[in-house]
Amino acid sequence: MTVLDLQQVSKRYGDGPGEVHALRDVSLSVDAGELVAVMGPSGSGKSTLLTIAGSLEEPTSGEVLVDGRLLSALSANDRARLRRRSVGFVFQDFNLLAGLTAEENVSLPLELDGRPLKSARQLARDVLEQLGLADQATRFPDELSGGERQRVAIARAVVGDRHLLLADEPSGALDSVNAEAVMRLVRAACHGGVAGVVVTHDAQLASWADRVVFLRDGRVVDQTAPPPPPESLLISDQAR
């Protein structure tokens, strides 16, 4: 089943001589259970692709479907509901709420969607534990390191019944051990049926993907299978 489908999507900013073409006729489909890495130089349109895929921005032309629903046909409220229920985001600046603890930040999307508080908090604790943050669950974002905040943002993105995970440099603030923990969680979410799109500059991170899409000047210039994944991933998959 195709979860994300971009059809000839273009995005322009500005007018006249200052006009910038962030995306040019990009088509990309991502199926349930598939993890796609998007690579390319700075300014190639990678982050714009994510924001349009998650309905945070509208394309100048082309269409985007999430779970078979045409985003341009949805009201603003329906798009917000779709994002809350079906789409998990990981932003480079984390976007955690300063007045909520790590556990509360992770459980908030579930609570907004009507899940009972006790159940939402338990799910949040379970995911935080998978990322080595059980002891930090009651701390506030400004009491956490950059790497810990990044892992809390990852936990919030994957908790609950998400269908699409969109991550912008999800391991950028992490050391190699914690980066691997994050990618295990992303990979596990995809094994569970989530469609994942990860923007990265890191070839090692891209090796966890099923497919790598290369952007340059707003265009898809190549798609390929990644290099072999880390040995630790192969071991964990064999043991599954």
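The values are calculated or read from the model by the stated rules, or taken from the named source; none is laboratory data. Here the structure is a predicted model, which means the values were calculated and not measured. Ideal geometry is used to build each Cβ from the backbone, glycine not excepted, and the neighbour counts take in all protein chains shown.
Would you confirm, using the coordinates I've provided, whether SER42 is surrounded by fewer than 21 Cβ atoms within 10 Å (Cβ to Cβ), modelled with pLDDT under 95 and hydroxyl-bearing (Ser, Thr, Tyr)?
When the stated conditions are applied, SER42 passes them.
Being modelled with pLDDT under 95, out of contact with any Ser or Thr (no Cβ under 9 Å at 6 or more places or on another chain) and either in a strand (DSSP E or B) or buried (at least 18 other Cβ atoms within 10 Å of the Cβ) (or both) is the filter here; which residues of segment 14-39 pass it?
Passing the criteria: only VAL20.
Under 9 Å by Cβ, and 6 or more places apart or on different chains, what pairs join a residue from segment 178-193 that is over 12 Å from VAL127 (Cα atoms) with one that is buried (at least 22 other Cβ atoms within 10 Å of the Cβ) and hydroxyl-bearing (Ser, Thr, Tyr)?
From residues that are over 12 Å from VAL127 (Cα atoms), the pairs are ASN178/SER171; ALA179/SER171; GLU180/SER171; MET183/SER171.
For segment 185-206, enumerate the residues that are within 12 Å of the chain's Cα centre (by Cα) and part of a loop (DSSP other than H, G, I, E, B).
VAL194, THR200
When only residues in segment 114-130 that are in contact (Cβ under 8 Å) with a residue 24 or more places away in the chain and out of contact with any Asp or Glu (no Cβ under 9 Å at 6 or more places or on another chain) count, which is surrounded by the most Cβ atoms within 10 Å (Cβ to Cβ)?
Looking at residues that are in contact (Cβ under 8 Å) with a residue 24 or more places away in the chain and out of contact with any Asp or Glu (no Cβ under 9 Å at 6 or more places or on another chain), I get VAL127.
Looking at segment 45-81, which of the residues that are without any contact (Cβ under 8 Å) to a residue 40 or more places away in the chain and not in a helix (DSSP H, G or I) is surrounded by the most Cβ atoms within 10 Å (Cβ to Cβ)?
SER55
Tell me whether segment 152-168 contains one or more residues that are surrounded by fewer than 23 Cβ atoms within 10 Å (Cβ to Cβ), farther than 26 Å from LEU205 by Cα and not hydrophobic (A, V, I, L, M, F, W, C).
no
Here's the yes/no breakdown for (1) crowded, with 20+ Cβ neighbours inside 10 Å; (2) modelled with pLDDT of 95 or more; (3) assigned to a strand (DSSP E or B):
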site: ARG83; (1), (2), (3): no, no, no
site: ASP93; (1), (2), (3): no, no, no
site: LEU100; (1), (2), (3): no, yes, no
site: VAL106; (1), (2), (3): yes, yes, no
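Quickly run through segment 1-47 and pick out the residues that are within 18 Å of ALA209 (Cα to Cα) and among the small types (Gly, Ala, Ser).
SER29, ALA32, GLY33, ALA37, GLY40, SER47
Does ASP5 qualify as being in contact with a Leu (Cβ under 6 Å, 6 or more places away or on another chain), surrounded by fewer than 23 Cβ atoms within 10 Å (Cβ to Cβ) and in a strand (DSSP E or B)?
Judged against the criteria, ASP5 is a match.
Step by step: first the residues of segment 137-163, then only those that are in contact (Cβ under 8 Å) with a residue 12 or more places away in the chain and of a type in the set (D, E, K, R), then the one that is farthest from VAL198 (Cα to Cα). Which residue is that?
Among those residues, the one meeting the criterion is ARG139.
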